[in-house]
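What follows is a set of notes on a single structure, which appears directly below.
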Amino acid sequence: MPILNWLNKEQAVTTAKNCSYRLLNRIPELSYGDQDTDNMIIQGDNLEALKSLLPTHAGKVKCIYIDPPYNTKSAFETYDDNLEHSKWLTTMYPRLELLWELLAEDGVILVSINDDEGHYLKVVCDEIFGRKNFISSLIWHYEGNTDNQAKIINYHEYIHLYSKSGRIENINVIDPNINKDSKLNKGEIRNTIVKNGPKNPVKSVVIPSGFPANFKDGVIKSSNVNWPKYESDIIVKDFKVLNENIASTGWSSKKILEEFIQSDFKFVLDSKGQETRFEVTKSGAIEAVKKRKKDKGHFLSVLRGFGTTNQMRIQLSKLNLTFSYPKPVELVKYLINAFTGEGDIVLDSFAGSGTTGHALLTANHQEKTGRKFILIEMSESNAATVIQPRLRHVIDGHEKAEIVATGGGFNYYQLGDVVFNESGALQEGISFQALAAHIWFSITRKSLPTVISENLDSIEKSPLIGVFNGIAIYLLYNGILGDKRPQGGNVLTSKVLAVLPEHPENLNGKKLIFGETSRMGSERLIKENIIFKQIPYDIKGR
């Protein structure tokens, strides 16, 4: 596979690995709405913020949408938008690496871009995400003023779409530009089931009394029916065939038709798992009627009719907020609805004006779902004076801006201290929960299998972190056993071992124990099937 080289690429490739883990500090006065929400606004450098999310969210994010700076050499509120190509790529590469690590196995990532860096970005994404995981370069056909003197008027942007699994299992939307009368917008799909020709030999099926019809009463003259051929006229009463008949044709669904008859006319599943029934129509044709799957969407690669940045600027101005190039809420909401469902996490690490949060709250309200967002914004001013008040207005509603109240809430965070200092030692004051999440991630490359909540308080207050590949992992730190003295409970002794929770899967199973030190000899450790790791020296800090 071709790859892209540029000045300082070697630095870009190692940047994510060398980036420090930082704590996330909740800011109560900027948090808003429901107190038990998992929605997050994180203010700080998005590279460090993404690294800080790994211990708790790696592999859990269902949909990532980012709208990074396009490097158009025009003003951009938060990021340097006048970079050489190599510097732009060096900025994007490590962030894309971390985003991919956060993405769930059935997740998708969508990246907005235009012609200035779109093709470079595509090659870099192929390298990081894998070309086999590329789905499409969607085209956002944006509306706006075209009355200018340009020879060629660019009227589109791209949204590169990748899937962690290399495929899209479900699409939950139908393109809004599809005609409302289209069968795509109907709950059922109807198709005749006859196939006539030399490759489809004629076979007979007994159509019994009681077979469904799609009209109430009448008689179908057999002589007037092309296919199938009937032995006699068909009499219909109260949407049912009265007289048994024999129908002959080259069937496309003979086996499933017979299953339907044998099931006493109940829905049966076709080869694709769709619920199917059959009816006689007024023309004498027999139709298969299939229930449309809720996740059987119709998604076009060209996105039209989702509003303009100018419309969004006007709406923001009615909230007394200013932002130059806000993405339309309807566009992002459509993408969220297409690729996510109940309880999924949506991440935007270039939050800008907060459109992704606005779109998700609106989608949750309209679709009655409980999806969650994580927004990361570099600029402290922008996060606190644009995103935060905008989402407050969305939650509460705003009549002048024509925003319907969605309810919900969010917690506001800022990046805190690094977990490990320059010498590799733990920073003073690191909580048990934060260190436990970090240790688990460094071993498993996965986030802790617990419900995410503010400050990781949902992690069970137990020295047993979890079991991975049959090994029970324990952390003795910060008085987890109830003894607050400097070494109380943080040193592995026979007494401490006796009170540790048992291995959940195997009483004599292997134990990996992290602590300040061990006072048990090597022979005893081997006998107890224990591997001891000393804090902080045996903890991977990068």
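The values are calculated or read from the model by the stated rules, or taken from the named source; none is laboratory data. Remember, predicted model here, so these are calculated numbers, not experimental data. Glycine gets a Cβ as well: all are built from the backbone with ideal geometry, and neighbour counts include every protein chain shown.
Here are a few things to note about the model shown:
- Residues of the stretch 23-66 that are of a type in the set (A, V, I, L, M), farther than 26 Å from THR444 by Cβ and out of contact with any helix residue (DSSP H, G or I) (no Cβ under 8 Å at 6 or more places or on another chain): ILE27 alone.
- Of the criteria (1) more than 35 Å from the chain's Cα centre (by Cα); (2) modelled with pLDDT under 90, which one LEU497 fails: (2)
- Among residues of the stretch 507-542, those that are in a loop (DSSP other than H, G, I, E, B), surrounded by fewer than 14 Cβ atoms within 10 Å (Cβ to Cβ) and among the polar types (S, T, N, Q), counted: 1
- In the stretch 1-60, the residue that is modelled with the highest pLDDT out of those that are of a type in the set (Lys, Arg) and over 22 Å from the mean Cα position of the chain (by Cα) is LYS9.
- VAL346 satisfies every condition listed in (1) at negative phi; (2) outside the structural domain of CYS63 (by TED's automatic domain parsing) except (2).
- Odd one out for ALA383, checked against (1) within 13 Å of the chain's Cα centre (by Cα); (2) not in a loop (DSSP other than H, G, I, E, B): (1)
- Complete set of residues in the stretch 306-320 that are in a loop (DSSP other than H, G, I, E, B) and either surrounded by 15 or more Cβ atoms within 10 Å (Cβ to Cβ) or touching a Lys or Arg at 6+ places or on another chain (Cβ under 9 Å) (or both): PHE306, GLY307, THR308, LEU319
Every residue, every condition in (1) more than 17 Å from LYS327 (Cα to Cα); (2) touching a Pro at 6+ places or on another chain (Cβ under 9 Å); (3) buried (at least 19 other Cβ atoms within 10 Å of the Cβ), yes or no:
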position	(1), (2), (3)
THR362	no, no, yes
LYS372	yes, no, yes
ALA383	no, no, yes
GLN388	no, no, yes
ARG392	yes, no, no
GLN414	yes, no, yes
ASP417	yes, no, no
LEU448	yes, yes, yes
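- Check on ASP181, of a type outside the set (A, V, I, L, M, F, W, C), under 30 Å from PHE306 (Cα atoms) and modelled with pLDDT under 90: yes
- Within the stretch 55-72, the set of residues being surrounded by fewer than 22 Cβ atoms within 10 Å (Cβ to Cβ) and among the aliphatic types (A, V, I, L, M) comprises just one member, ALA58.
- Comparison of VAL394, VAL467 shows that the only residue that is modelled with pLDDT of 75 or more, assigned to a strand (DSSP E or B), over 16 Å from ILE535 (Cβ atoms) and not aromatic (Phe, Trp, Tyr) is VAL467.
- Unique match (being without any contact (Cβ under 8 Å) to a residue 40 or more places away in the chain and in the same structural domain as VAL332 (by TED's automatic domain parsing)) among THR56, THR14, THR37: THR14
- Top-ranked residue in the stretch 117-173 [being aromatic (Phe, Trp, Tyr) and crowded, with 16+ Cβ neighbours inside 10 Å; ranked as modelled with the lowest pLDDT]: TYR142
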